[in-house]
1. Would you please give the FRET efficiency between L3 and V81, computed as 1/(1 + (r/R0)^6) with r the Cβ-Cβ distance and R0 = 25 Å, to the nearest 0.05?
2. Given the DSSP H assignment, sum -39500 (n - 2.57) over each helix run of at least 4 residues in the chain and divide by its residue total; what's the result at 222 nm in deg cm²/dmol, nearest 500?
3. Relative contact order (percent) for the range 5-77, with alpha-carbon contacts under 8 angstrom and 6 or more residues of separation?
4. Exactly which GluC sites (Glu not before Pro) in the range 4-90 are in a DSSP loop and have at most 12 other Cβ atoms within 10 Å?
5. Please report the carbon-and-sulfur percent of the accessible area for the chain; probe 1.4 Å, protein heavy atoms only, DNA, RNA and ligands left out.
6. If Lys and Arg each add +1 and Asp and Glu each add -1, what is the summed charge of the other residues whose beta carbon sits under 14 Å from the beta carbon of P7?
7. At 7 Å along Cα-to-Cβ for each site, give me the label-to-label distance between S39 and Q53 in nm.
8. Could you do me a favour and compute the accessible area per residue for the chain, 1.4 Å probe, result in Å²?
Amino acid sequence: LMLSFNPIDKLLSEFDVKNCRCVTFSHFIPREELFFGWSALREVMGSKRIDEQLRRLSPKVHVFGHSHMDVDRVYDGIRYVQHHLGSEPY
């Protein structure tokens, strides 16, 4: 339901995202591979639908939260970053 509130189609119709420097954000983890915690939780972490939406915008960086872990990884040309509160800077 929450994914339906993202104005992806409107953004794509109004902006040439292929020629923009785009940063996207989500609270939830967009890819299962970005969760490095307890293995029993891995199968419920990550949202393919979030990742599909953000990829339509071709961001250079996607910032996400929820797992409370520092993450800085690149998959298929997109840098995925999370810096959880209370941790030391990189």
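1. So, using R0 = 25 Å, E works out to roughly 0.75.
2. Using -39500 (n - 2.57) per qualifying helix, the result is -5500 deg cm²/dmol.
3. For the range 5-77, the relative contact order is 40 percent.
4. The qualifying sites are E43.
5. 57 percent
6. Values: positive: K10, R56; negative: D9, E14.
That sum, taken over residues with Cβ under 14 Å, equals 0.
7. Going by the 7 Å Cα→Cβ label model, 3.2 nm.
8. 72 Å²
The values are calculated or read from the model by the stated rules, or taken from the named source; none is laboratory data. The model shown is predicted, which means the values in this text are computed figures rather than measured ones. Neighbour counts run over all protein chains shown; Cβ positions are idealised from the backbone, glycine included. The protein model used for the area step is the full one, side chains on, heavy atoms only, and it has no ligands, DNA or RNA in it. Shrake-Rupley method; radii C 1.70, N 1.55, O 1.52, S 1.80 Å.
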